[in-house]
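S.K.: My questions all concern the structure below.
The values are calculated or read from the model by the stated rules, or taken from the named source; none is laboratory data. Everything quoted here is computed from the prediction, not taken from an experiment. Here the Cβ is made from the backbone with ideal geometry for all residues, glycine too, and neighbour counts use every protein chain on show.
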Amino acid sequence: MNRPERIENDTAALMRGIGEAAKAASRRLGIATPEEKNKALKAAAVALRAATPKILDANAKDIEAAKAAGRPDSFVDRLLLNEKRVEGIAKALEEIAELADPVGTVLAEWTRPNGLRFQRVRVPLGTIGIIYESRPNVTADAGALSLKAGNASILRGGSESHHSSVAIHACLVEGLRAAGLPEASIQLVPTTDREAVGAMLRGLEGAIDVIVPRGGKSLVQRVQDEARVPVFAHLEGICHTYVDKAANMTIALPIVVNAKMRRTGVCGATECLLIDKNAKSDFVTPLVKALLDEGCEVRGDAVAQKADPRVKAASADDYGKEFLEPIIAVRMVDGVDEAIDHIAHYGSQHTDAIITEDEATAERFLDRVDSAIVLVNASTQFADGGEFGFGGEIGIATGKMHARGPVGVEQLTSFKYKVRGNGQIRPK
């Protein structure tokens, strides 16, 4: 079924048409070969590179509007595209194409005493609705990952990235066309009407099988509160880095600075630094100074304030806060167990890290911190599907049902049971 022409003043009718087209496309994608899907992704990467000037022109309009609206620098950075970032998007599409196709993978198989043969096999979810803000690269990542997993996708980007998303989406459609797959396999909602989001949350009359929100706290909260279909989401990225008394400061300093300052507006940025007060030497001063010298505002407890006069007093609200800016909260703790307790109380089960040379302490932290991603001696900014080898991600899921951590192609599948017999009937 072809998607109907845009109906300017009837968002409900528009969204129904999108849903119907996606449902039809999902049936075709469910039986698409790996070669077809990979051809679409590689052709889209070629189209992206060729369209780089158009994409950057479109992005410039979004950037100009964001600055005119007084958006903060961290917001503008999430929105910004340049040649390097467009190339990164194209490479991500190629990396996704090179991933093993999850559809049809046999997860388990066994035979019962009556001769019935069972297989648990990966299958697509169907149609995935992705609602996101400000990050135009999500248009490519979400569409490509959904396609690789055999799913249709309905993308609803924010108004602030609309021009950029439209330009990127056109390249994805070009790839689908080159592979002979339905153009409705990846649809971009053409209206910025907020009712379009409401229609998606209601499931488009059964057309949408799962919703993935990617954006600020208010967006994710709305999705979690109103969705009538399953949701893969995280509400906030309140990430911690704990520097243990057995840390090697040679690696601790660059890790801490990178974890906070590489990109302050991403969900994997460290928002709170915990330091073991039992260290034999002064860990606080060099860590705090390194952050301050990089332009980070430090809000700390009494010990941190004594380490450097530039440190501001932390309020109770600074712990458990997602700043998404060059601001970090610092607190001294009495060993790894107090660090774990702090994270359990203030964290968001997203990403947390320990820096230590003590293997037993590292394992204790890994086992007892109940977050989707837990790292040892590495930056929290590795909380990214691309860094996991997934080729990209739709988002980081912090729930515990179905998907947790970076949502890549495997997480965008379900499974079914194939049962083969030779005449068995069940006894009365």
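S.K.: When you go through (1) of a type outside the set (Lys, Arg); (2) in a helix (DSSP H, G or I); (3) buried (at least 17 other Cβ atoms within 10 Å of the Cβ); (4) modelled with pLDDT of 95 or more one by one for Ala32, which number turns out not to apply?
M.R.: Of the numbered conditions (1) of a type outside the set (Lys, Arg); (2) in a helix (DSSP H, G or I); (3) buried (at least 17 other Cβ atoms within 10 Å of the Cβ); (4) modelled with pLDDT of 95 or more, the odd one out for Ala32 is (2).
S.K.: Next question. Might you let me know whether region 304-315 holds any residue that is touching a Ser or Thr at 6+ places or on another chain (Cβ under 8 Å), over 19 Å from Ile355 (Cα atoms) and of a type outside the set (Val, Ile, Thr)?
M.R.: Yes, that holds for at least one residue.
S.K.: Tally time: how many residues in region 258-303 are of a type in the set (Ser, Thr, Tyr) and in contact with a Ser or Thr (Cβ under 9 Å, 6 or more places away or on another chain)?
M.R.: Total satisfying the criteria: 2.
S.K.: When you scan region 228-248, do you find a residue that is in a helix (DSSP H, G or I) and crowded, with 19+ Cβ neighbours inside 10 Å, even just one?
M.R.: So far as region 228-248 goes, no, none of its residues is in a helix (DSSP H, G or I) and crowded, with 19+ Cβ neighbours inside 10 Å.
S.K.: Still on this structure, I have one more. Let me spell it out: the conditions are (1) among the small types (Gly, Ala, Ser); (2) surrounded by 16 or more Cβ atoms within 10 Å (Cβ to Cβ); (3) in contact with a strand residue (DSSP E or B) (Cβ under 8 Å, 6 or more places away or on another chain), and Gly392 meets all of them except one. Which number is the exception?
M.R.: (3)
S.K.: May I pose another question? Do the conditions hold for Glu64, that is, is it in contact with a Ser or Thr (Cβ under 7 Å, 6 or more places away or on another chain) and either in the same structural domain as Leu324 (by TED's automatic domain parsing) or exposed (fewer than 14 other Cβ atoms within 10 Å of the Cβ) (or both)?
M.R.: No.
S.K.: Within region 255-302, take every residue that is of a type in the set (Asp, Glu) and touching an Asp or Glu at 6+ places or on another chain (Cβ under 6 Å) and give me the one that is surrounded by the fewest Cβ atoms within 10 Å (Cβ to Cβ).
M.R.: Asp276
S.K.: Looking at Ala372, Ala403, Ala344, Ala378 in this structure, which one is aliphatic (A, V, I, L, M), in contact (Cβ under 8 Å) with a residue 24 or more places away in the chain and crowded, with 23+ Cβ neighbours inside 10 Å?
M.R.: Just a single option satisfies the conditions, and that option is Ala403.
S.K.: Something else about it: Of (1) outside any loop (DSSP other than H, G, I, E, B); (2) in contact with a strand residue (DSSP E or B) (Cβ under 9 Å, 6 or more places away or on another chain), Asp384 satisfies all except one. Which?
M.R.: Every condition holds for Asp384 apart from (1).
S.K.: If Glu205 satisfies all but one of (1) touching a Ser or Thr at 6+ places or on another chain (Cβ under 8 Å); (2) farther than 29 Å from Glu363 by Cα, what's the number of the condition it fails?
M.R.: For Glu205, the exception is condition (1).
S.K.: Would you mind finding the one in Arg222, Arg262 that is under 26 Å from Val76 (Cβ atoms), of a type outside the set (A, V, I, L, M, F, W, C), at pLDDT 95 or above and more than 15 Å from the chain's Cα centre (by Cα)?
M.R.: Of the residues listed, the single one that is under 26 Å from Val76 (Cβ atoms), of a type outside the set (A, V, I, L, M, F, W, C), at pLDDT 95 or above and more than 15 Å from the chain's Cα centre (by Cα) is Arg262.
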